[in-house]
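Down below is the structure, laid out as structure tokens.
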Amino acid sequence: MLGDPPVLDGADAALPGRLRDALAMFPGRKLEGIAGSGRPQIDHGRTELTLAITCTELAWPAETTVATIVQAATVRVTRMGEVTLTLDGRFDGIAVAVTLNTGNDGELQAAVRSRDPGAFTVNTLVGALAGNDRWRTLESGLTDLGLDPHSGRSPVSTTASTKTCRPNRPVMW
């Protein structure tokens, strides 16, 4: 019923509400695969549906200045309506995996992790998220505090970025 190529459309009332909420963060509220990219798989207990999709490059989250370029997605939906999307793509040239989960409270959580440990640096993240001019200001402030932003060590974790948002509201990075 998803067609070939498969399309998950946030306007499709037949989809679980939490999946529709997650799709709101994609361009056009849709996750579209390419022809032959995957068929839905249902586990033996009929409690979980999994769909692996290969897609043309799309920006996630939609309508933001900084986005992950997604090339593939795996969608898992349980009988209880729990949704997990795993996106494979690139963020600022770095290979990443994005995990989107919906909790019982209905909030969507997203975690962006580099495929290569240590690939994210403070310089990469702040430069991409805040802009290079802001990075230079932050870099100056770190130096003033006695922290060396070029030491290769960071006082903050730079392996993941997690964001919680309410459905149907844009993610502000």
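Laboratory data are not the source of any read-out in this text; all were calculated from the coordinates shown. Remember, predicted model here, so these are calculated numbers, not experimental data. In this analysis, Cβ positions are derived from the backbone assuming ideal geometry, glycine residues included, and neighbour counts consider all displayed protein chains.
Ranking A62, A72, N101 by Cα position along the charge dipole of the range 53-103, where only Lys, Arg, Asp and Glu carry charges on their C-beta atoms, puts N101 farthest toward the positive end. Taken about its Cα centre, the range 1-122 carries a charge dipole of roughly 180 debye when the Cβ of each Lys and Arg holds +1 and the Cβ of each Asp and Glu holds -1. Couplings 3J(HN,Hα) of the range 81-92, computed from phi: x, 6, 10, 9, 10, 10, 10, 10, x, 9, 10, 6 Hz, in residue order, whole Hz [Karplus 6.51 cos²θ - 1.76 cosθ + 1.60, θ = phi - 60°; x for Gly and Pro].
Could you please tell me the mean projected area of the C-alpha convex hull for the range 45-85, averaged over all directions and given in square nanometres to one decimal? Taking a quarter of the hull surface, the average projection is 3.4 nm².
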